[in-house]
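> Mind looking over this structure? Questions follow.
What follows draws every value from the coordinates through simple rules; no lab data is involved. Remember, it's a predicted structure, so these values are computed and weren't measured experimentally. Note that we place each Cβ from the backbone using ideal geometry, even for glycine, and neighbour counts take in every protein chain shown.
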Amino acid sequence: MWWSGSKRRLLPSYLPHFTEDKTFIDLFAGSFIVSQHASPLYSRVVSNDNNEELVRAIRHLQDDPSGVIAAYESWSAGFLGAEDPKEFYKGTM
C-alpha cells in the first residue's frame, strides 16, 4: 500500500489486526508510528525504510537518547542566541 504522509490516522483500522506474536516487521516505517504502536504486542519489532538518514536518526534515538537530547539542546540554544539565525542554520548544514 503506497501512502504518503503519516499512518497515524490509519492506526485504528490497523491495530485490531495486530496479534501478540514474536516478531512484527514494518517494511515501510516512515515516521515509525506503526512500529511504536506494535511494539507492546511483539517481543521484537523490525522497522525498515529506504530513507537512510531517518533510519540513522531513529537508531541514534534508540542507542543514545540523552546524547541526542543534549545535541538538540545545544543546537537550539545556539540558534536562539544567534545574531542571525539564518546564518547560524547555514553553518550547521
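> How high is the FRET efficiency from S76 to S31, r the C-beta distance, R0 22 Å, rounded to 0.05? If you can, show how the numbers build up before the last one.
Numbers: r = 21 Å, r/R0 = 0.96.
About 0.55, to the nearest 0.05.
> In addition: Using alpha carbons only, how many degrees (0 to 90, rounded to 10) separate the axis of helix 65-81 from the longest principal axis of the chain?
On a 0 to 90 degree scale, this one is about 40.
> Something else now. Could you work out the relative contact order of the chain, using alpha carbon pairs under 8 angstrom and six or more residues apart, expressed as a whole percent?
Working: 70 pairs, mean separation 17.9, N = 93.
Across the chain, relative contact order equals 19 percent.
> Name the long-range amide H neighbours of D49: under 5 Å, sequence gap of 5 or more, or other chain; modelled H, no Pro or chain starts.
Those qualifying (amide H under 5 Å, at least 5 residues apart or on another chain) are A29.
> GNM, the chain, Cα, under 10 Å: largest mean-square fluctuation among Y42, Y14, Y72?
Y72
> P(r) for the chain, please, calculated from all Cα pair distances in 5 Å bins and given in %.
Computed distribution, short to long bins: 2, 12, 16, 17, 15, 13, 10, 7, 5, 2, 0.
> Calculate the FRET efficiency for Q62 and E87 from the Cβ-Cβ distance with a Förster distance of 30 Å, rounded to the nearest 0.05.
Values: r = 33 Å, r/R0 = 1.10.
Efficiency, from the Cβ-Cβ distance: 0.35.
> If you take the beta carbon distance between V46 and E20 as r and set R0 to 22 Å, what does 1/(1 + (r/R0)^6) give as a FRET efficiency, to the nearest 0.05?
Details: r = 16 Å, r/R0 = 0.74.
Efficiency for this residue pair is about 0.85.
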